[in-house]
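The values are calculated or read from the model by the stated rules, or taken from the named source; none is laboratory data. Every value quoted in this text rests on a predicted model; they were computed, and no experiment measured them. For neighbour counting, all protein chains shown are included, and Cβ atoms are generated from backbone atoms with ideal geometry for every residue, glycine included. The protein model used for the area step is the full one, side chains on, heavy atoms only, and it has no ligands, DNA or RNA in it. Shrake-Rupley method; radii C 1.70, N 1.55, O 1.52, S 1.80 Å.
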Amino acid sequence: MRLKHYQEKVIKALKDYLGELSEFREKYQKALEFDADMARDYNFPKRAWEKSTGSSIYHSKTNGLGEPLPDIYLKVPTGGGKTLLACHSIDLIQKSYLKKQTGLILWIVPSTQIYRQTISALKDREHPYRQTLDISSGGRTLIKEKTEMFNRLDVEENLLVLMLMLPSANRQNKETLKVFRDAGGFTDFFPAEDNYPAQEELMKRIPNLDCFGEAGEVFNRQIKTSLGNTLKVLKPLVVIDEGHKAYGENARTTVRNFNPSFILELSATPPDGSNELVKITGRELHEEEMIKLDIHLTNKTSLDWKDTMLASFEKQNQLEKLAKEYEQNTGEYIRPICLIQVERTGKDQRGTDFIHAEDAKEYLIKQCNVPETHIAIKSSEKDDIEGIDLFANSCDIRYIITKQALQEGWDCSFAYVLTILTNPSSATGITQLVGRILRQPKAIKTKIKELDECYIYTFKPNASTLVREIKNGLEDEGLGDIAGRLVNDEGTNGLDSLKEREIQYRQGFKKFEGKIYLPKFVIQEKESWRDLIFEVDILSEIDWTKIDISEIAERTLTDKESKEQELTLGLSKEEKELLEETGRLETKGTLEIDEAFLARQIAEIIPNPWICYNLGDNAIKLLSKKYDRETIAANFVFIIEELKKILEKQKNILAEKVFKKLVEKKKLHFFLISRAGGFVLPSRIKVKSNKQLIRNDNTPIQKSLFDYVPEENINELEKAVAIYLDEQEKLLWWYRNMSRQDYHIQGWKKNKIYPDFIAASKSKTKKVDYDTVFVLETKGIHLKNEDTKYKQDVFALCKELGAKKAWKELFDEFPDHDFEFQVIHGDEWQHKINSMMQ
């Protein structure tokens with residue numbers, strides 16, 4: 001594979017340095033023969049650096065033997081071909097500096113993903129990486145993993161590349177890591193066990209070898225025949241991919257303690273204190289057609305993530321049509337892929353307020369008619385792309401859904417579109433994945449503008465913040481490479497590694513176990529009760545013929561009424577800055593009018609395909625009275641979004657009428673049920689936590705119903721409310737109600753209401769321990785919206801239906817208890833709680 005100009009620049013800089021390094025090392029070796037003590041002060045790597053670079057700033061390093069250690073960085077952005085450069089650099093270092101073609105290369109990588117990709121390529125004799133090494137070694141290249149044995153002959157007669165993942169080399173506890181254990185398979189590199197003089201001689205020459213026993217003991221020390229000791233004996237050339245990962249104190253000590261003869265580090269983001277021999281800029285990559293620019297960032301103003309999905313689906317369709325035309329004209333195959341970042345991927349995490357991978361997949365299949373074979377999920381639990389060649393013409397995958405599993409080491413230049421469905425208030429997700437869509441297929445521009453650029457879709461973030469985050473990701477972090485850490489796909493902050501434990505009521509509250517009942521909406525069936533079921537009791541009773549969509553005719557279909565904004569980031573005219581905003585325009589969708597497609601989009605609101613089709617058809621007819629078909633087609637995505645909003649609003653109005661009619665006819669009741677079918681607070685709960693909620697003065701929580709409250713599952717407002725409740729003298733106990741698993745109220749919307757807290761005030765009489773149970777829902781100031789009003793309306797109805805006499809009549813154990821339902825906001829919660837405690 002022919003090197004790019006910037007890659008040749010890297011190789012030339014390295015060659016110049018190695019030439020000087022060889023010359024100064026010869027002087028160092030002669031000084032050792034003459035006066036070893038004086039030679040220790042002869043820092044030959046530093047002198048070579050100063051002469052080849054002209055810089056006096058050099059950070060000196062030594063290996064485990066205290067010898068001067070050449071340790072240099074090649075700064076190459078993501079997409080710049082670091083692995084190919086590493087192979088060419090190995091050839092240069094071996095021949096120009098180490099003066100040999102064989103020997104041990106220790107190749108260290110930071111993650112499983114990079115490990116798999118690198119070793120797969122190095123083992124493939126047809127791959128350019130392997131071919132480069134074979135040319136260097138004269139066809140004698142061996143690729144080994146740390147679990148594979150090798151002997152002295154393997155090293156002496158071959159260029160042996162040993163792959164090691166960084167966590168394995170990070171010497172936290174040398175007795176527990178396999179690389180330092182006495183493996184018993186590397187005896188070829190050590191004197192026989194009973195050859196004590198030879199063993200002592202080797203330990204004298206290499207004093208940092210790990211041994212059994214201590215010096216001066218009755219029995220002689222014995223060198224461990226471990227892989228770690230073998231590395232120390234062989235003094236390998238060390239290559240560290242993404243070198244910034246190795247700069248924890250333990251890892252830095254571990255790698256140097258392998259007694260390397262040379263360390264070559266490659267990274268997009270060298271850390272402070274590194275010797276940066278050469279720096280390649282993003283501009284140089286762009287000039288060599290390595291990356292896609294411009295970057296088009298589209299902000300959807302809709303709060304519904306499905307509108308963002310629809311826009312990215314449309315873009316993928318458009319790009320695929322262009323790619324097929326390109327293939328017909330050139331024979332070059334490109335299949336544009338859309339990466340979708342969701343909030344959850346765990347199998348037990350669906351059904352929460354977070355966007356799950358299966359939600360995104362279901363939307364693509366049902367609403368966009370995408371075949372299931374075109375969709376893959378990549379997570380720590382599920383890997384649909386494992387072992388699949390995404391570049392193959394036979395591969396069907398066009399959508400890859402992930403959370404963070406593609407952040408690092410994943411490389412597919414067919415990725416064009418990035419859809420961000422994570423927390424809209426956070427822009428960090430964009431910088432974490434933007435590097436994955438920057439690589440240009442085959443590093444050759446297609447000359448078709450759309451296929452030489454990339455696209456990001458998100459919703460509701462601040463545009464200026466997004467631009468800043470992307471610029472930071474590309475410039476400061478080497479075109480989006482994520483620096484400094486490995487990320488767990490589920491982002492659990494280490495909770496997955498904790499053992500689940502069961503917690504129970506505080507000792508003083510144990511008498512309430514199994515006796516705290518809460519009211520709920522129930523349907524009367526003959527002489528029994530059952531829970532209200534939204535789909536059965538509400539949705540199925542809606543008269544869809546009463547839906548009024550006339551409002552759609554009031555929508556204005558003009559360019560100025562666009563619902564999204566597209567920012568274009570391209571090369572800056574200033575050399576010091578890679579990107580600047582080069583364009584800003586308002587855009588609308590370009591789907592053709594398709595009534596069946598429209599029906600699928602609104603089917604998630606109205607569960608009747610025939611009615612959906614008729615409503616969609618009527619909407620188009622209403623708009624056709626004002627606009628021609630071409631204008632409607634140009635605004636089709638916008639029309640879908642607006643129609644969905646109208647239908648959702650109409651559905652809620654009709655659902656509320658059904659709900660209240662059931663109450664009026666006394667078919668639906670808000671009851672407290674003590675027998676089977678009622679809701680009672682749990683007596684035991686299981687948690688994973690390493691941080692317990694405490695009061696502001698650092699004293700323990702005292703009034704929580706359970707003896708342990710995990711802090712991880714509570715936001716700042718909820719934390720403040722919990723602590724304030726705990727400090728109320730008139731409060732007896734409080735409970736943090738868990739979403740999706742604890743007490744809930746089913747209203748006239750599909751999603752159940754899970755209040756944040758259940759609390760009880762001390763009784764003013766001696767008949768019972770408590771008299772009022774408070775059901776509290778907290779809302780931040782910025783969350784005062786339609787959902788808040790809905791919850792307030794439901795809570796108001798609960799309060800109205802739950803008059804004190806109802807509990808007296810229906811539940812003998814609650815003769816003097818009452819329930820109060822409150823939605824409290826971030827700007828009034830203290831006042832509300834104070835009023836409740838009066």
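Exactly one condition in (1) part of a helix (DSSP H, G or I); (2) farther than 13 Å from L266 by Cβ is false for L84; which is it? Against the list (1) part of a helix (DSSP H, G or I); (2) farther than 13 Å from L266 by Cβ, L84 comes up short only on (2). Residue-level analysis places Q341 outside the set of residues that are in contact with a helix residue (DSSP H, G or I) (Cβ under 9 Å, 6 or more places away or on another chain), under 25 Å from L438 (Cβ atoms) and surrounded by fewer than 23 Cβ atoms within 10 Å (Cβ to Cβ). Quick check on the stretch 769-779. Is at least one of its residues loosely packed, with under 15 Cβ neighbours inside 10 Å, modelled with pLDDT under 90 and of a type outside the set (D, E, K, R)? Within the stretch 769-779 (the criterion being loosely packed, with under 15 Cβ neighbours inside 10 Å, modelled with pLDDT under 90 and of a type outside the set (D, E, K, R)), the answer is no, since none of the residues qualifies. Give the stretch 110-130 a look and list any residue that's within 25 Å of K15 (Cβ to Cβ) and touching an Asp or Glu at 6+ places or on another chain (Cβ under 9 Å), or say none. Result: T118, R130.
Scanning the stretch 721-763 for residues that are open to solvent by 10 Å² or more (accessible area, probe 1.4 Å) and touching a Gly at 6+ places or on another chain (Cβ under 9 Å) yields one hit, R740.
Looking at the stretch 201-236, which of its residues are more than 50 Å from the chain's Cα centre (by Cα) and either open to solvent by less than 60 Å² (accessible area, probe 1.4 Å) or at pLDDT 90 or above (or both)? If the condition is that a residue be more than 50 Å from the chain's Cα centre (by Cα) and either open to solvent by less than 60 Å² (accessible area, probe 1.4 Å) or at pLDDT 90 or above (or both), then E201 is the only one that fits. If the condition is being on the phi < 0 side of the Ramachandran plot and either modelled with pLDDT under 80 or open to solvent by 30 Å² or more (accessible area, probe 1.4 Å) (or both), then the stretch 271-289 contributes P271, D272, E276, K279, T281, G282, R283, E284, L285, H286, E287, E288. Considered as a group, the residues in the stretch 411-430 that are at pLDDT below 70 and crowded, with 21+ Cβ neighbours inside 10 Å include one that is farthest from I375 (Cα to Cα), and that residue is A427. Checked against the criterion of being surrounded by fewer than 16 Cβ atoms within 10 Å (Cβ to Cβ) and at pLDDT below 95, the stretch 107-114 has at least one qualifying residue. On the stretch given as the stretch 237-270, residues that are modelled with pLDDT under 85, in a loop (DSSP other than H, G, I, E, B) and not charged (D, E, K, R) total 5.
For W807, the criteria (1) surrounded by 14 or more Cβ atoms within 10 Å (Cβ to Cβ); (2) out of contact with any helix residue (DSSP H, G or I) (no Cβ under 8 Å at 6 or more places or on another chain); (3) modelled with pLDDT of 85 or more; (4) in a helix (DSSP H, G or I) hold in every case but one, which is (3). When K762 is tested against the conditions (1) within 38 Å of the chain's Cα centre (by Cα); (2) over 26 Å from K686 (Cα atoms); (3) among the charged types (D, E, K, R), the lone failure is (1).
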